[in-house]
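K.L.:
Sharing a structure, written as structure tokens. Questions coming.
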Amino acid sequence: MKDIMIGVDLAKNVFQLHGATMTGEVKFRKKLARGQFLRFMAGYEPALVVMEACGSAHYWFRELVKLGHEVKLIAPQYVRPFVKRQKNDAADAEAIVIAARQPEMRFVSPKTADQQARAILFRARERIVRQRTELMNALRAVLYEYGQVVPLGIGRVDRIEAIIEDVQIDLPQLVRDECRDLLVQIYEKTTKIEEKTKRLTELSRQSDNARRLQTMPGVGPMIALAVEAFAPAMENFRCGRDFAAWLGLVPRQFSSGGKERLGRASKAGQADIRRLIIIGAMTRVRWASVKPPMKGSWLARMITRKPRMLVAIALANKMARKIWAMLVKKEDYRNTTLAVAT
């Protein structure tokens, strides 16, 4: 058993260390430069090292494990209540140790280098999509100044191009040139988005888990890859409800005095997966209005009684629980509604 716990406040250039026994007796406080940190940890006896789950934390996790240390990552919001008076690097390192000693404390599962690489590719695509949306909004705003109203959506780009090239529409040549330049940038972003989407789809085909998840209605390559890139191993969750809560797909609680009061979805979880699962669930809800689901099924009953967005959130919660079950049991999706009907 390791007798020393070392709290590390990570930074770009200067790291603050706080070493203490498991009972809280302070052994050392050190301020080390980036180049000194690994040398110090390599020469120190194996200890329990705790860091906040922030930038570069997963990299340092892997490096310290190679040196024989036991490493844990803790969420920054769980450390903040233990900071004494003024906030500084030394106080943060001490607060990390105090928080990690709490018996009920929850820790963050570390990511592998491959997981981080997939997450970076996923976020790169999301970033380009946002940039294209910004360009589309700028283009629509320019045309709106000259009385041309264009609805939202990338699907309207052909309509915008027709407006720009229409000589019957009174647009100054300078404005037409600027709009053409924006269109060129939009087409460039679209090409990059398609390339990254293709790359992500190829990656999802190489993984058994991603292929398995795509057997569920409403789950495509993007959701499957997001689960692989951002979610920890499903064995870390006791049940599917815990995974849904981790995603923020459960209502906020305002319960007191034995009375249960539930609010809107907490959104206190992994935003990328939650957003995509809600989009997938909303697609299923919209499709249900075109092709009604089996009579008497859960989805059919909910659609008749509740607003569509509320049904989509509830369906996303069910999808999250099923994702947990599929990955834990290593089984493809089974339509329980059809099984009951037959």
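The values are calculated or read from the model by the stated rules, or taken from the named source; none is laboratory data. Since the structure is predicted, the reported quantities are computational estimates derived from the model, not experimental observations. Positions of Cβ are backbone-derived with ideal geometry, glycine not excepted, and every protein chain shown enters the neighbour counts. Side chains are part of the model used for accessible areas, which takes the heavy atoms of the whole protein and leaves out ligands, DNA and RNA. Shrake-Rupley method; radii C 1.70, N 1.55, O 1.52, S 1.80 Å.
K.L.:
Among the residues of the range 185-202, is any among the aliphatic types (A, V, I, L, M) and either assigned by the TED database to the domain that holds M222 or over 30 Å from S56 (Cβ atoms) (or both)? Before the answer, list the steps.
P.N.:
Quick first cut of the range 185-202, residues among the aliphatic types (A, V, I, L, M) only: 186, 193, 200.
Going one step further and asking which of them are either assigned by the TED database to the domain that holds M222 or over 30 Å from S56 (Cβ atoms) (or both), we end up with 186.
Yes, some residue in the range 185-202 is among the aliphatic types (A, V, I, L, M) and either assigned by the TED database to the domain that holds M222 or over 30 Å from S56 (Cβ atoms) (or both).
K.L.:
Which one of E188, E104, E145 is modelled with pLDDT of 95 or more, open to solvent by 40 Å² or more (accessible area, probe 1.4 Å) and either of a type in the set (F, W, Y) or out of contact with any Cys (no Cβ under 8 Å at 6 or more places or on another chain) (or both)? Lay out the reasoning, then the answer.
P.N.:
On the way: E104 fails: modelled with pLDDT of 95 or more; E145 fails: modelled with pLDDT of 95 or more.
Within the list E188, E104, E145, the selection yields E188.
K.L.:
Show the residue pairs meeting these rules: Cβ distance below 8 Å; 6+ apart or different chains; first residue within the range 146-171 and in contact (Cβ under 8 Å) with a residue 12 or more places away in the chain; second residue in a loop (DSSP other than H, G, I, E, B) and of a type in the set (D, E, K, R).
P.N.:
Y146/D170
K.L.:
Give the range 33-46 a look and list any residue that's within 32 Å of the chain's Cα centre (by Cα) and open to solvent by less than 60 Å² (accessible area, probe 1.4 Å), or say none.
P.N.:
A33, G35, F37, L38, M41
K.L.:
Among the residues of the range 108-126, is any over 22 Å from the mean Cα position of the chain (by Cα), over 21 Å from A233 (Cα atoms) and of a type outside the set (A, V, I, L, M)?
P.N.:
no
K.L.:
Here's something else I'd like to know. Output the residue which, of all residues in the range 250-300 that are more than 30 Å from E126 (Cα to Cα) and aromatic (F, W, Y), is modelled with the highest pLDDT.
P.N.:
Per the stated criteria, the residue is W298.
K.L.:
Where in the range 235-342 are the helices (runs of 4 or more DSSP H), entirely inside, with at least 1 residues that are free of Cβ contacts under 8 Å to residues at least 24 places away in the same chain and open to solvent by 90 Å² or more (accessible area, probe 1.4 Å)? Quick ask: steps written out before the conclusion?
P.N.:
Values: elements: 240-247, 271-290, 298-305, 308-329, 336-341.
Those helices (runs of 4 or more DSSP H) span 271-290, 298-305, 308-329, 336-341.
K.L.:
Going residue by residue through the range 192-211, is there one that turns out to be closer than 23 Å to A124 by Cα, touching a Gly at 6+ places or on another chain (Cβ under 9 Å) and crowded, with 18+ Cβ neighbours inside 10 Å?
P.N.:
yes
K.L.:
Then there's this: Out of the range 110-120, which residues are open to solvent by 40 Å² or more (accessible area, probe 1.4 Å) and either among the polar types (S, T, N, Q) or not in a loop (DSSP other than H, G, I, E, B) (or both)?
P.N.:
T112, A113, D114, Q116, A117, I120
K.L.:
Among the candidates V97, V49, V79, single out the residue that is assigned to a strand (DSSP E or B), touching a residue at least 24 places away in the same chain (Cβ under 8 Å) and surrounded by 21 or more Cβ atoms within 10 Å (Cβ to Cβ).
P.N.:
V49
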